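*Asks:* Pasting a structure here, questions to come.
The values are calculated or read from the model by the stated rules, or taken from the named source; none is laboratory data. On a predicted model such as this, the values are computed, not experimentally measured, just so you know. Note that each Cβ is placed from the backbone with ideal geometry, even for glycine, and that neighbours are counted across all protein chains shown.
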Amino acid sequence: MVKVLRSFVRGPLEPHVGGFAEQLIRQGYSRASAEQHVCFIAHLDRWMQGAGVGLGDLSGQVLDRYLVERRAAGYREYRSVKALRPLMDYLLPLGVLPVPREVPLGPVEELLADFRGWLLRERSLTAGTVRGYVDCVRPFVASRLRGDGLELVSLTAADVTGFIRTTCPGRAVGSAKLIVCAFRSLLGWLHVTGQVPVSLAAAAPSVAGWRLSGLPKGLEPAELRRLLAGCDRRTATGRRDFAVMLLLARMGLRAGEVAGLGLDDIDWRHGELVIVGKGNRSERLPLPDEIGGAIAAYLRRGRPADAEGRSVFVRVHAPHRPLTTGGVTMIVFDGARRAGLPRMHAHRLRHTAATAMLRGGGPLAEVGQVLRHRSAMSTAIYAKVDHAALAVLARPWPVDPAGGVS
């Protein structure tokens, strides 16, 4: 039992601190960590007493004011809104917090909300892709604000090219291409919904960036062995990280696919995985013994019993929520640092899987099937690292009959 009385919680939060502490323990917090949270809540409780703030007044603005004063007082821990999240998650279902007032959407956010809904319903894009599209076009929509409304009818091709020319310079090619793609989708939607008289999607210039211009950067076998060896499989964290890296490096999964893997997606009887990839397409893939064994080891002796939801991979620290795509990338990033390898992201292990198949004699078509590419052009870039095939094409260096090199 967490020692609540030591923290002297005697103000507005007193009726709830016991239940809050018990919830922390249920969520997997250690007893010491739960007691630290209760000490933090005790400080908030004393501040509320001194400021004359009740639970019904505990709005976002009031909490911001409290955190400003806590930081000014020199506290070095529990200084952000994130620190208050466990308490808010506990109090919110109890109905003791003030109900946020509905703030009417302005014209910019109202249009973006409609665009977001169209992308989800009609284009069947994932929530993450839609979020990226909306973020890309928000500055343009905001630039069309005139008074209390948006001026879209007078939109011209010059406005379109002007936005691209001012927004894209200085960005990476991939980032600039995403902006253009999102912008074209917005322009097409504006025309389809009758908000502009003609479609200006074609007026958005293309970004100078050519497919197949680079080289896929996979790890060498020795580097991959170092990366995997850096996972301490005597610990829960090491067992999780080892299974994650095997899925990336052996099966060529994307970071988001690993993060989204659920317990119900594993068919142990038939040795298969159900993967939800790009465009929400579900596909069944064979589960190799090595990877299945690594996942099973993590599930038996690593995944917390109080983990939230049905995701296979969850955070190590409480609350044990599902890993995000960024969390998977950080596993690879930290693993590379431990192994003394250059900085890398999760997608490099997908390249590693492809190059390993080519080294083993697998044809490009087979690589494309394993990586689940919809277009053969997406796989064609790996021809550049198929050394065996390239050696056949290489012509001998011309030699002068007299013995010199011509």
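*Asks:* Among helices (runs of 4 or more DSSP H) lying entirely in segment 150-256, which contain 1 or more residues that are within 24 Å of residue 111 (Cα to Cα)?
*Replies:* Output list reads 157-167, 173-192.
*Asks:* I would also like to ask the following. Taking the options 301, 284, 269, 254, name whichever one is over 15 Å from residue 353 (Cβ atoms), in contact (Cβ under 8 Å) with a residue 60 or more places away in the chain and of a type in the set (D, E, K, R).
*Replies:* On inspection, the qualifying residue turns out to be 301.
Residue by residue, here is whether (1) at pLDDT below 90; (2) closer than 17 Å to residue 276 by Cβ; (3) in the same structural domain as residue 291 (by TED's automatic domain parsing) holds:
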{"residue": "312", "(1), (2), (3)": "no, yes, yes"}
{"residue": "321", "(1), (2), (3)": "no, no, yes"}
{"residue": "324", "(1), (2), (3)": "no, yes, yes"}
{"residue": "330", "(1), (2), (3)": "no, no, yes"}
{"residue": "335", "(1), (2), (3)": "no, no, yes"}
{"residue": "348", "(1), (2), (3)": "no, no, yes"}
{"residue": "353", "(1), (2), (3)": "yes, no, yes"}
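*Asks:* Within the bounds of segment 74-81, is there any residue that is among the charged types (D, E, K, R), over 30 Å from residue 146 (Cα atoms), assigned to a helix (DSSP H, G or I) and in the same structural domain as residue 12 (by TED's automatic domain parsing)?
*Replies:* Checked against the condition, which is being among the charged types (D, E, K, R), over 30 Å from residue 146 (Cα atoms), assigned to a helix (DSSP H, G or I) and in the same structural domain as residue 12 (by TED's automatic domain parsing), segment 74-81 yields no hits at all.
*Asks:* Identify, by number, the condition in (1) modelled with pLDDT of 90 or more; (2) out of contact with any Cys (no Cβ under 9 Å at 6 or more places or on another chain); (3) over 18 Å from residue 118 (Cβ atoms) that residue 179 doesn't meet.
*Replies:* Going through the list (1) modelled with pLDDT of 90 or more; (2) out of contact with any Cys (no Cβ under 9 Å at 6 or more places or on another chain); (3) over 18 Å from residue 118 (Cβ atoms), residue 179 breaks only (2).
*Asks:* Only one of 241, 264, 306, 232 is more than 16 Å from the chain's Cα centre (by Cα) and more than 30 Å from residue 37 (Cβ to Cβ). Can you tell me which?
*Replies:* Of 241, 264, 306, 232, the one residue that is more than 16 Å from the chain's Cα centre (by Cα) and more than 30 Å from residue 37 (Cβ to Cβ) is 264.
*Asks:* What number goes with the only condition from (1) over 30 Å from residue 254 (Cα atoms); (2) assigned by TED's automatic domain parsing to the domain that holds residue 152 that residue 121 does not pass?
*Replies:* So the condition that residue 121 fails would be (1).
*Asks:* Can you report the number of residues in segment 36-52 which are surrounded by fewer than 18 Cβ atoms within 10 Å (Cβ to Cβ) and of a type in the set (D, E, K, R)?
*Replies:* 1
*Asks:* Same structure again: Kindly check whether there is at least one residue in segment 246-262 that is at positive phi, modelled with pLDDT under 95 and out of contact with any strand residue (DSSP E or B) (no Cβ under 8 Å at 6 or more places or on another chain).
*Replies:* Yes, segment 246-262 has at least one match.
*Asks:* Report, ordered by the first and then the second residue, all pairs with beta carbons closer than 9 Å, sequence separation of six or more or different chains, a first member in segment 332-359 that is among the aromatic types (Phe, Trp, Tyr), and a second member that is in a loop (DSSP other than H, G, I, E, B).
*Replies:* Partner pairs satisfying both residue conditions: 333/343; 333/344; 333/345; 333/346.
*Asks:* To continue, here is another question. Report whether or not residue 115 is in a helix (DSSP H, G or I) and over 25 Å from the mean Cα position of the chain (by Cα).
*Replies:* So residue 115 does not fit the description; no.
*Asks:* Here is a further query. When you go through 75, 90 one by one, which is the residue that is among the hydroxyl-bearing types (Ser, Thr, Tyr), surrounded by 12 or more Cβ atoms within 10 Å (Cβ to Cβ) and either under 23 Å from residue 321 (Cβ atoms) or touching a Pro at 6+ places or on another chain (Cβ under 6 Å) (or both)?
*Replies:* Exactly one residue qualifies, and that residue is 90.
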